[in-house]
Amino acid sequence: MTRDRLAKQPIRRRIFRRCCAVDGYGLLAFVRSAPAERLLVDGAELARLRQSDGDDVAAAVRVSLIHLRPWMPWATEAAADPVAQRGRGREAELHWDQGSDYSYVLRHSENGAILGMFGLHRRVGPTALEIGYWLHPDYLGRGYATRSVGVLTEVALSLGDVDRIEIHTDEANKASAAIPRRLGYRLDRIEPKTPQASGKTERKQIWVTP
């Protein structure tokens with residue numbers, strides 16, 4: 001099929017052709033693209049989360065608990081346990097291989113310190129990814145989160161089976177919402193949601209790529 005004929009097809013058909021392939025039995029099988037396991041960010045590097053990262057992640061979570069508790073329901077003492085984080089690392093490896101979630105640890109490019117965690121999650125539709133993130137409080141205000149989300153946005157949109165990226169923020173979390181706004185995301189809608197952490201409201205903002 002020529003490029004001109006493909007361009008004239010309805011968008012749904014073009015996405016379908018891009019995302020699916022015919023297997024050996026003549027059946028259509030869904031093909032998911034995966035991002036690179038290591039991504040360079042100015043001053044840091046996003047690397048695929050592994051079980052071996054568990055101890056460092058636990059230490060970073062412990063230092064960040066006070067900062068994270070108002071927004072992250074998982075931010076408890078249990079999350080600062082190295083054994084728990086090694087287990088989460090094992091799950092993250094499995095989810096990556098299954099193509100459902102791609103979890104990254106952000107490390108400083110010089111000293112290897114953990115600056116935060118980022119992820120691409122297939123939970124907002126068959127051709128969409130949601131970006132989630134949290135940052136170590138010692139590294140706030142330096143642009144690490146914005147640059148990392150910018151890199152993940154570009155990488156996610158380059159995948160053959162993705163045509164939309166979403167970021168979900170609580171209306172009260174101004175710092176988190178500033179990231180998609182700064183990167184040119186559009187506030188698509190606000191949905192009601194029962195608060196699951198002390199700082200959250202009942203209003204969840206849904207940001208989408210333009």
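The values are calculated or read from the model by the stated rules, or taken from the named source; none is laboratory data. The structure displayed is predicted, hence computed values, not measured ones. We place every Cβ from the backbone using ideal geometry, glycine too, and count neighbours over all the protein chains shown.
Could you tell me which of the residues 142, 88, 107 is touching a strand residue (DSSP E or B) at 6+ places or on another chain (Cβ under 7 Å) and assigned by TED's automatic domain parsing to the domain that holds residue 56? Steps first, please.
Working: 142 fails: touching a strand residue (DSSP E or B) at 6+ places or on another chain (Cβ under 7 Å); 88 fails: touching a strand residue (DSSP E or B) at 6+ places or on another chain (Cβ under 7 Å).
The match here is 107.
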inquiry  = When the residues of the range 181-210 are narrowed to those that are loosely packed, with under 12 Cβ neighbours inside 10 Å and in a loop (DSSP other than H, G, I, E, B), which ends up modelled with the highest pLDDT?
reply    = 184
note = If you go through 149, 162, the only one that is buried (at least 19 other Cβ atoms within 10 Å of the Cβ), farther than 21 Å from residue 70 by Cβ and of a type in the set (Val, Ile, Thr) is 162
task = Report those helices (runs of 4 or more DSSP H) wholly inside the range 1-89 carrying at least 1 residues which are at pLDDT below 95, of a type outside the set (Phe, Trp, Tyr) and surrounded by 18 or more Cβ atoms within 10 Å (Cβ to Cβ).
result = 11-19
Yes/no for residue 112 being assigned to a helix (DSSP H, G or I) and assigned by TED's automatic domain parsing to the domain that holds residue 41 = no
